[in-house]
Amino acid sequence: MKKIFKALAVLAATTAIGAGIGMAAGCSKGYDGVYYGDYHYTNEHGATYGMKVKVTVENNIIVKVEDVTKGAYTVVSEAMPDYGWDADSVKNWTDNESWLLQQYEGLAVSDVKAIKVNIKETGEPYSKDKNAGLNENGILITNSTQGSGRLLLAVQNALGENKEIGRIEKAN
């Protein structure tokens, strides 16, 4: 009888250890493959800004990010000199978007998911003084913080993170 209880105890311990290892492995999501993400919002003037991306990941490392918006949203405003966005600003984004997409290459999925993008209640990313994480992580086109933020939010969405638009957390 002692031998049976001992055998059952060893079996139970082995099963518990095996289940624990299996649960630990299942809790952490491994990324390997192609993922699609989207981030968009409609501003107070009725224009829908956003981006759609294709993110290729190998062993939890981003190897490529592509802009696949193809006219679904406004990626960059036309020149609007009444508020400071002009033809040079548009050119700044279009000339540097490919560079920005390349900045994600080699970054770990967990690091990209951890970068905070602060947004207004409408979903529009705040300017660079309220989004220092973009610059600190090297994923900011100077003077194009909103577009850089939209891109990051689309990449994060591809990786399973969703930014809730309209939810404002108040300080206590």
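Phi angles across the stretch 57-71 convert, under the Karplus curve 6.51 cos²θ - 1.76 cosθ + 1.60 with θ = phi - 60°, into 3J(HN,Hα) values of 10, 10, 6, 6, 10, 6, 10, 6, 10, 10, 7, 10, 4, 6, x Hz, Gly and Pro given as x. Between amide H atoms placed 1.01 Å from N, distances below 5 Å from V68 occur with K52, V53, K54, all of them 5 or more places distant or on a separate chain.
Backbone geometry of the stretch 147-154 corresponds, through the Karplus equation with coefficients 6.51, -1.76 and 1.60 at θ = phi - 60°, to 3J(HN,Hα) couplings of x, 5, x, 4, 4, 4, 5, 5 Hz, x marking Gly and Pro. Across the stretch 51-135, C-alpha contacts under 8 Å between residues 6 or more apart give a mean separation that, scaled by the residue count, equals a relative contact order of 25 percent. Accessible surface of E105, taken over heavy atoms with a 1.4 Å probe and every protein chain present, rounds to 90 Å². Judged by the mean number of other Cβ atoms found within 10 Å, the most tightly packed of the peptides 60-68, 152-160 leads the ranking 152-160, 60-68. Once C-alpha pairs closer than 8 Å and six or more residues apart are averaged by separation and normalised to the residue number of the stretch 86-144, the relative contact order reads 44 percent.
With every protein chain in place and a 1.4 angstrom probe, the accessible-area ranking of S110, S127, largest first, reads S110, S127. The relative contact order of the stretch 21-172, computed from alpha carbon pairs under 8 Å that lie at least 6 residues apart in sequence, is 26 percent. Counting 0.36 nm for each residue step from N43 to N60 and taking away their Cα separation leaves a gain of 2.7 nm. Residue ranges 83-96, 43-56 sort as 43-56, 83-96 when ordered by packing (mean number of other C-beta atoms within 10 Å per residue, highest first). Quick one: if the Förster radius is 22 Å, what FRET efficiency do S110 and V34 give, using the C-beta to C-beta distance and rounding to 0.05? So the FRET efficiency works out to roughly 0.75.
Placing dummy labels 7 Å off each Cα toward the beta-carbon, the span from A72 to D129 is 3.4 nm.
The values are calculated or read from the model by the stated rules, or taken from the named source; none is laboratory data. The structure presented is a predicted model; accordingly, all values stated were derived computationally and were not measured. We place every Cβ from the backbone using ideal geometry, glycine too, and count neighbours over all the protein chains shown. Calculation scope for accessible area: heavy atoms of the full protein, side chains included, ligands and nucleic acids excluded. Shrake-Rupley method; radii C 1.70, N 1.55, O 1.52, S 1.80 Å.
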